[in-house]
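Q: I am attaching a structure below and will ask some questions about it afterwards.
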Amino acid sequence: MKTMILGIFLLCSGLQAISLNEIIDTALAKKPSLEAINARIEANKYNIAVSNQFENPQLLITKNTLNSSQAMSQSVVTFKQKIPFYNKRETNKRIAEAEDALLQEQLNAAKTKLVAQIKSEAYTIWKLGELYKIIDEYVTLTQQNIDLYESYTSIDANQHIGIMKAELSLSDLQIQKSVLREKINAAYARLSYLASFKVQHLEITIQMGKKPNLGQLQKSLADNPDIKIKDKEILKQNAKLKMADLNNYPDINLIAGYALRENFNNYFNFGFGLSLPIYGTEDYKEEEARALVLSVRSQKADTQISVNAELEAYYAQMLSSYEIYHIIQDEALPQVAHMFELSSSSISVGADLFKYIDVLFQKLDLEQKSIKAVANYNLAQAKIAQLKGELQ
């Protein structure tokens, strides 16, 4: 039933617009790379189940070739069971449980990375779509003003050059639209791969957020997936170090046998065996395990430095985008709007079309930068959300 509902949803999603949250939810539910980690987690459950079990016993049957009339002629059935040293089985189980915790963190990290990648492609699609729409508007506006200029003025050589410049600008806009169409199609293809189903039309609206605060962002890194992975690796390696220490103490093999003699009394024999750690192998392995603990701790410290550096870089991107957006919206565009009104009103009385086109494309350039600033702000925010371990 669940599969049928998912299939109907995917079919409908190809026919109508789909939201970013729906894409994320579906991707988290059926992305093959995540399913692979889930399969490893499922497999490790069996490893946990057997981690504290005893080893299989051994059954040995021997018979010598002496004549049955001899007292030493016998068939012997021997049972041997290895008994691990105290706490070895529990420690082995802790290693398996630590592996499970590590896999869970790796799954969470993969999810946060996938969500960030989906957001990045979605925001890129928004940016490209907005750029396409505004260029399309300017294509219409430029063509209208060319027609208006031709209808209100007598065309001499200088005015004809102005019209040619406007037409060349129009051609450049058409080229930009073609390039953007290609980029939009490519972005949809990448988004479809990340979502694990065909996405044809994304419904998304983003805007500029508030000015970022580095101190608040740094406080939000407590749940960073990479650091949590290193924490789980340290726990696992500490459990391995404990096992390496316990391996200095020998396991005991309990032995029980029953000898069958044809012409004499049968008898039992009992005994035990143990390995003698006299060559220092276990000591070397313990030192190796201790060194690996230090290695993982150093890796965690390096990861913390790397995460903080990434955060500062994304913060700088957000801050720059925020400042660029407000410079354009609060300062530049109002000035260009006034210039645009003056040049637009004068075009009907034969003003120079060169100046009008220059002002028009200055306004276009600023509006494009404003769109890119909004997209870059949200792209950096998505990366910071990944550092924070967010899944939405």
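The values are calculated or read from the model by the stated rules, or taken from the named source; none is laboratory data. As the structure is a computational prediction, the values presented were derived from the model and not from experiment. Virtual Cβ from ideal backbone geometry, glycine too; neighbours counted across all protein chains shown. These accessible areas exclude ligands, DNA and RNA; they are computed on the full protein's heavy atoms, side chains included. Shrake-Rupley method; radii C 1.70, N 1.55, O 1.52, S 1.80 Å.
Q: With springs connecting C-alpha atoms under 10 Å apart, model the chain as a Gaussian network and identify which of Q237, Q381, Q74 has the largest mean-square fluctuation.
A: Comparing Q237, Q381, Q74 in the GNM, the peak value goes to Q74.
Q: Additional query: Taking a 1.4 Å probe, which of D245, D302, D358 shows the most accessible area, and what order do the others take after it?
A: D302, D358, D245
Q: Could you tell me the center-to-center distance, by alpha carbons, between segment 363-392 and segment 227-244 in angstrom?
A: 37
Q: Each residue of segment 18-23 in order: what ³J(HN,Hα) in whole Hz does its phi give by Karplus 6.51 cos²θ - 1.76 cosθ + 1.60, θ = phi - 60°, with x for Gly and Pro?
A: Result, rounded to whole Hz: 10, 7, 5, 5, 5, 4.
Q: Continuing with this model, one more query. Could you sort R181, R89 by accessible area so the largest value comes first, with the probe set to 1.4 Å? Numbers along the way, then the final one.
A: Details: R181 105, R89 70 Å².
Result, largest first: R181, R89.
Q: In addition: Taking a ≥ b ≥ c as the square roots of the eigenvalues of the Cα gyration tensor of segment 17-111, is the shape rounded (a/c under 1.5), prolate (a/b larger than b/c) or oblate?
A: Values: a/c = 9.12, a/b = 3.48, b/c = 2.62.
Judged from the Cα gyration tensor, segment 17-111 comes out prolate (a/c at least 1.5, a/b above b/c).
Q: Tell me, what is the per residue accessible area of the chain in Å², probe radius 1.4 Å? Mind showing how you got there, number by number?
A: Values: 22570 Å² over 392 residues.
So the chain comes to 58 Å² accessible per residue, rounded to a whole number.
Q: Can you tell me which of 269-279, 209-219, 360-370 comes out highest on packing, and rank the rest after it, using the mean Cβ neighbours within 10 Å? Write down the numbers at each step before the final one.
A: Values: 269-279: 10.1, 209-219: 11.7, 360-370: 18.3.
With the highest mean Cβ count within 10 Å placed first, the list reads 360-370, 209-219, 269-279.
Q: Measure up K228/K369; K31/K88; K31/K127; K133/K383; K30/K211; K113/K211 against 31 Å on the Cα-Cα distance and list the ones that go over. Don't skip to the end; give the middle numbers.
A: Values: K228/K369 38 Å; K31/K88 38 Å; K31/K127 25 Å; K133/K383 27 Å; K30/K211 36 Å; K113/K211 25 Å.
Result: K228/K369; K31/K88; K30/K211 exceed 31 Å.
Q: At 222 nm, what value in deg cm²/dmol follows for the chain if DSSP H runs of at least 4 each add -39500 (n - 2.57) and the sum is divided by all its residues, to the nearest 500? Working shown, then result.
A: On the way: 10 runs with 272 residues, N = 392.
About -25000 deg cm²/dmol.
Q: Output wanted: per-residue J couplings in Hz (rounded whole) for segment 112-124, from phi through Karplus 6.51 cos²θ - 1.76 cosθ + 1.60, θ = phi - 60°, x for Gly and Pro.
A: 5, 5, 5, 4, 5, 5, 5, 4, 4, 5, 5, 5, 5
Q: Among (1) 136, 46, 34; (2) 55, 48, 39; (3) 51, 50, 46, only one was calculated for this model; which label is it, if the read-out is Cα extents along the principal axes in Å?
A: Of the listed options (1) 136, 46, 34; (2) 55, 48, 39; (3) 51, 50, 46, (1) comes from this structure.
Q: Quickly rank 197-206, 59-68, 112-121 as a protection proxy: mean count of other C-beta atoms within 10 Å, highest first.
A: Details: 197-206: 16.0, 59-68: 9.5, 112-121: 20.8.
Averaged packing, sorted descending, gives the order 112-121, 197-206, 59-68.
Q: A further question on this structure: Report, to the nearest whole %, how much of the accessible area of the chain belongs to carbon and sulfur atoms, 1.4 Å probe, protein only.
A: 55
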